[in-house]
Amino acid sequence: MVSTKDYDLFVIGAGSGGVRAARMAAGLGARVAIAEDRYMGGTCVNVGCVPKKLYVYASEFGKAFEDARGFGWDSAKPAFDWATLRDNKKAEIARLNGIYRRLLDGAEADIIDGRARLVDAHTVAVGKQQYSAGKILIATGGWPHIPEFPGSDLATSSNEVFDLKQFPQRLVIVGGGYIAVEFAGIFNGLGAQVTQLYRGPLFLRGFDADIRAHAAREIAKTGVDLRFEVNVESISRGADGLELQLTDGSTLTADTVLYATGRNPHLEGLGLDNVNVELTESGTIAVDEHYCSSEPSIFALGDVTGGMELTPVALAEGMAFAHRQFGDQSRQVDYDFIPTAVFCQPNIGTVGFTEEAARARFGDIRLFKSSFRPMKHTLSGRDEQSFMKLIVDKASDRVVGVHMVGPDAGEIMQGIAIALRAGATKAMFDSTIGIHPTAAEELVTMREAWTED
């Protein structure tokens, strides 16, 4: 039976998950359209992972120049030019935007520029034009949220901070998640005076407690002024910049105030009132294990559903969705042992259970911990300590959590994630010969279980 609809699938949002779903569905023979009103490639490509990592690279050069002196390189630290970094980044993002368009064109998916809104369960409007579709996929991702308070309109979000006209010599960052922590390291490394405020007792909630504590100590050593259990009451313009009144009675003056206090699902103007799509208490789209909403023809995946807000997860979900809906395979994403990294300085890499979660899940566990000075800094003289932690289910000897703070933590953790997904035991770790001299070999040489004594 030939469909009378314009498209088999209409995707709203050309981010990682949306583009992957559109391309795969089109490759499986579906007639596909995808609409995007702002960022071809989504948050990750434009105002997330990609520009962030480029800026992290830039911020690490200053430390490298200093470290080089201990290795015999006698040279002055070069000057940093913000405009060069910013504009080179823009050129790279524009290149990637073009690649995403070409990938969609190559898959013969129709690209529609503009903000799409739902008219009914099978109709989408972009501007004055309406399109009918057998299935509609919402993949609009998240959007930075700045709470309302006196002067909140003077704050900057992570969307704008990459493209500031002037480099902020004094930057205040509000928030305790990975975005806040990463930007603190970036701008501190580029030469700004950075103060990070967090309303809780310790940042990076949800990560292993030892990792959070170790990261706080090491980040403070780099010069970031960390202030916990404090928040902003108001922001106002002063003669010398932005004046912040804090909840502990103190004040701060800054050139820029970056709010990184969370992201909300990007659903504004989407027309959800016109369809039977239920939301969760946190405002995300409620979906089942196959990404179907309460409206049978409407699906959602990625950050807009409130799951793990990671680009590779959205990509996997887009692939699984396309194959299930238009292919012969009933793919499902396995959310166990998904590795992640925080590109703060030093880096954090983690996979599996935190200590607290492992105790709740497995009961008796064994812990292995190691803290050491990276070999590089024996000559650089930098006061930096790496930290590694293994969490083992005592009954099965399976390694169920690995956490690290230190150089290249993300790179190291990608390989460790494969081992954990394969069910590697502590005995297997112990029998593996390490690569010497590397930091990673520490993961296979920790023999003594940690005790509080």
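The values are calculated or read from the model by the stated rules, or taken from the named source; none is laboratory data. For clarity, every value in this text was computed on a predicted model and none was experimentally measured. Note that we place each Cβ from the backbone using ideal geometry, even for glycine, and neighbour counts take in every protein chain shown. Just the protein is used for accessible areas: all its heavy atoms, side chains included, with ligands, DNA and RNA removed. Shrake-Rupley method; radii C 1.70, N 1.55, O 1.52, S 1.80 Å.
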Single match in 396, 330 (criterion: more than 25 Å from the chain's Cα centre (by Cα), under 30 Å from residue 19 (Cβ atoms) and either outside any helix (DSSP H, G or I) or of a type outside the set (Ser, Thr, Tyr) (or both)): 330
Qualifying residue in region 304-311 (condition: touching a strand residue (DSSP E or B) at 6+ places or on another chain (Cβ under 8 Å), assigned to a strand (DSSP E or B) and closer than 21 Å to residue 120 by Cβ): no
Within region 200-225, considering residues that are of a type in the set (A, V, I, L, M, F, W, C) and touching a residue at least 40 places away in the same chain (Cβ under 8 Å), the one surrounded by the fewest Cβ atoms within 10 Å (Cβ to Cβ): 209
Condition broken by residue 299, with the remaining ones in (1) closer than 22 Å to residue 276 by Cβ; (2) open to solvent by 30 Å² or more (accessible area, probe 1.4 Å); (3) of a type outside the set (D, E, K, R) satisfied: (2)
Complete set of residues in region 308-330 that are open to solvent by 40 Å² or more (accessible area, probe 1.4 Å), within 19 Å of residue 136 (Cβ to Cβ) and either touching a residue at least 60 places away in the same chain (Cβ under 8 Å) or in contact with a Leu (Cβ under 9 Å, 6 or more places away or on another chain) (or both): 319, 325, 326
Hits in region 177-196 (condition: in a helix (DSSP H, G or I) and over 20 Å from the mean Cα position of the chain (by Cα)): 190
Identity of the residue in region 371-393, in a loop (DSSP other than H, G, I, E, B) and open to solvent by 90 Å² or more (accessible area, probe 1.4 Å), that ends up nearest to residue 208 (Cα to Cα): 373
Check on residue 234, of a type outside the set (Val, Ile, Thr), farther than 21 Å from residue 54 by Cα and touching a Pro at 6+ places or on another chain (Cβ under 7 Å): yes
Residues satisfying the stated conditions in region 228-262, i.e. under 28 Å from the mean Cα position of the chain (by Cα) and on the phi > 0 side of the Ramachandran plot: 229, 262
